[in-house]
Amino acid sequence: MKENLKRPGFYGAILSFCSIATLIGLLIRLDAIPLRFIALVALIALLLFGVACRLFFKRPHTIWKNVFVWMIITPLTIVMLGGSWYVAKTNELLWSLSMKEGTYVSEVCVYVPQNSAIQSLQELQGKRIGYYETDEDQTSVEMLKQFKKEGVSIESSAYPSLTPLLDALKAKKVEAIIAQRPLIEALTQEDGLQETQPLRAIATKKVKVELNRGRSATLDVTKTPFTVLIMGTNEYGSVNENSANTVNILAVVNPQDKKILLVSLPKETYVWNNKLGYLGIQGTHVVRQALEQELDVPIDYTVRVNLTTMTGIVDQLGGIEIDNKQAFETKSKQKFEQGKLWLDAKQALTYVQECPNDPSNPNQGEMVVLSAMIEKILSSKALAHFETIQSVLGESIQTSMSKEQIGDLVKMQMLQRAPWTLEIVSVEGRLEEKDIEPLGEKTNVLVLDDQTLRRVEQKIDAVLRAGS
């Protein structure tokens, strides 16, 4: 034994065994790989390790025997250590995808006119501040607390909507206003507020809001049908923060029958006296509650998607195939012909941003690309690309589904490798001018008709009850 302690191969064998134990331990902790696969990896690794050990300890010790031992131990250790790193990164990804304790972040700002001399909260001492808030959103209250924390005494006035709040600032009835940053940006870009005076933020506060997962926390997603609300934007920025949604899709999933129904809801859909897209600024829980009431269906999980960064996955998947309903040419003279098209990541992003949309289906470009990506990711072939797409996924997606539930879905797909049936439904309605809550004035919205709602509810019910 003392003789073996002097041989480098002895310590190489110890390192090799530790790397095998580390990988197996991480695979079990990950809980996303079927046990039969883990057992197979362990069996092969331990068999190779056993052969190397037998040759190492068996006399006589020859140079060729030592060379052969190192030829086994070296690649085995490298593979085990590399696998351990990969599994650790995958575990980190699953945690990053799942919302920590069901939280979301909302960003609220103090705005002053662009030409104002005010540069900080302290300079608002003794002045009047206006703020906009709703029953569903209390972030303005958190900013008011910030004034108290910094010892700044102010007079505050609440306004029922954004238009009178901005009018008060323009008329100098207030020196500054408090509002959510995404709301100001979205309304400026889409509803003509660019004609008002330019604003400048002098203070920003990120507010964390806790959510209750409810029954979804214990749902067995491999056996029980469930619903997922997918909300997305094609703007750059963090997926962890509230923002106006350009895409709103209700996914109804039946894991037993391998059926998925995608219901596309335009951002202009009129719900809760507001545009559906704007509700995302108040938080995913608000969009969830509004659609549960509108469609009369419980929504188990939410997923926030940044389509601008997520299209980076397209190249890792080997491209996606879409069915383009209408030929068009982009501002840069790039042509997209009608029919089946194969897109890389750059083309997919261009398609999302410049596809001409039907007024009754403003989500068309995003919906076409997103559904093609979902189909590709659900295929068993996508599992081979998991390492290369995981960093993009972490930056692009956040979900209220737990790490364990995501792992269960991965295990189920790896074991069964069954194809999924994907059906896409777009809602229909009529364009009307309605008062919406943030503006306090009329703007164009899409009002869903009763026939569409009944048709969608029937399709949802059919998928949820299929096979039962």
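Please specify each residue of the range 157-181 satisfying the condition of being more than 19 Å from residue 436 (Cα to Cα) and loosely packed, with under 15 Cβ neighbours inside 10 Å.
157, 170, 171, 172, 173
Considering every residue within the range 339-347, establish whether at least one is assigned to a helix (DSSP H, G or I), modelled with pLDDT of 80 or more and open to solvent by 40 Å² or more (accessible area, probe 1.4 Å).
Yes; the residues of the range 339-347 include at least one that is assigned to a helix (DSSP H, G or I), modelled with pLDDT of 80 or more and open to solvent by 40 Å² or more (accessible area, probe 1.4 Å).
Looking at (1) at pLDDT 75 or above; (2) more than 25 Å from residue 364 (Cα to Cα); (3) open to solvent by less than 30 Å² (accessible area, probe 1.4 Å), can you tell me which one residue 204 breaks?
Residue 204 satisfies every listed condition except (3).
Among what's in the range 266-302 and is in contact with an Asp or Glu (Cβ under 9 Å, 6 or more places away or on another chain) and assigned to a strand (DSSP E or B), pick the residue that is nearest to residue 371 (Cα to Cα).
This residue is 269.
Evaluate the following for residue 433: is it free of Cβ contacts under 8 Å to residues at least 40 places away in the same chain, surrounded by fewer than 18 Cβ atoms within 10 Å (Cβ to Cβ) and in a strand (DSSP E or B)? I'd like the intermediate steps shown before the answer.
Details: free of Cβ contacts under 8 Å to residues at least 40 places away in the same chain: yes; surrounded by fewer than 18 Cβ atoms within 10 Å (Cβ to Cβ): yes; in a strand (DSSP E or B): yes.
When the stated conditions are applied, residue 433 passes them.
Are any of the residues in the range 377-397 out of contact with any Cys (no Cβ under 9 Å at 6 or more places or on another chain) and at pLDDT 75 or above?
For the range 377-397, residues out of contact with any Cys (no Cβ under 9 Å at 6 or more places or on another chain) and at pLDDT 75 or above: absent.
Which of the following residues is of a type outside the set (S, T, N, Q), surrounded by fewer than 24 Cβ atoms within 10 Å (Cβ to Cβ), modelled with pLDDT under 90 and touching a strand residue (DSSP E or B) at 6+ places or on another chain (Cβ under 6 Å): 286, 253, 314?
On the way: 286 fails: touching a strand residue (DSSP E or B) at 6+ places or on another chain (Cβ under 6 Å); 253 fails: modelled with pLDDT under 90.
Criteria check complete, one pass: 314.
Do we find that residue 35 is at pLDDT below 85 and surrounded by fewer than 14 Cβ atoms within 10 Å (Cβ to Cβ) in this structure?
yes
I need every pair where a residue in the range 203-223 that is under 21 Å from residue 260 (Cβ atoms) has its Cβ under 7 Å from the Cβ of a residue that is modelled with pLDDT of 60 or more and open to solvent by 100 Å² or more (accessible area, probe 1.4 Å), sequence separation at least 6 or different chains.
From residues that are under 21 Å from residue 260 (Cβ atoms), the pairs are 223/256.
Identify, please: which residue in the range 104-139 is among the aliphatic types (A, V, I, L, M) and modelled with pLDDT under 90 and is, among those, farthest from residue 27 (Cα to Cα)?
From the range 104-139, those among the aliphatic types (A, V, I, L, M) are 105, 108, 110, 112, 117-118, 121, 124, 129; that's our starting set.
Going one step further and asking which of them are modelled with pLDDT under 90, we end up with 105, 108.
On the way: 105: 32, 108: 41 Å.
Looking at the filtered set, the residue picked out is 108.
Can you pull out every residue in the range 38-59 that is open to solvent by 90 Å² or more (accessible area, probe 1.4 Å) and modelled with pLDDT under 85?
54, 57, 58, 59, listed by residue number.
Just give me the residues in the range 42-80 being among the polar types (S, T, N, Q) and assigned to a loop (DSSP other than H, G, I, E, B), in sequence order.
Listed by number, the list holds a single entry, 62.
Just wondering, is there one or more residues in the range 364-372 that are open to solvent by 20 Å² or more (accessible area, probe 1.4 Å) and modelled with pLDDT of 75 or more?
Yes; the residues of the range 364-372 include at least one that is open to solvent by 20 Å² or more (accessible area, probe 1.4 Å) and modelled with pLDDT of 75 or more.
Would you point out which residue out of 142, 101 is touching a strand residue (DSSP E or B) at 6+ places or on another chain (Cβ under 7 Å), at positive phi and either at pLDDT 90 or above or open to solvent by 50 Å² or more (accessible area, probe 1.4 Å) (or both)? Outline the logic, then answer.
Details: 142 fails: at positive phi.
Sole residue among the options that is touching a strand residue (DSSP E or B) at 6+ places or on another chain (Cβ under 7 Å), at positive phi and either at pLDDT 90 or above or open to solvent by 50 Å² or more (accessible area, probe 1.4 Å) (or both): 101.
Inspect the range 267-281 for any residue being open to solvent by 50 Å² or more (accessible area, probe 1.4 Å) and closer than 30 Å to residue 218 by Cα and give the result as yes or no.
Scanning the range 267-281 turns up at least one residue that is open to solvent by 50 Å² or more (accessible area, probe 1.4 Å) and closer than 30 Å to residue 218 by Cα.
The values are calculated or read from the model by the stated rules, or taken from the named source; none is laboratory data. These figures come from a predicted structure and were not determined experimentally. Heads up, the Cβs are rebuilt from the backbone with ideal geometry, glycines too, and the neighbour counts pull from every protein chain shown. Each accessible area value is taken on the protein alone, full model and side chains, heavy atoms only, with ligands, DNA and RNA left out. Shrake-Rupley method; radii C 1.70, N 1.55, O 1.52, S 1.80 Å.
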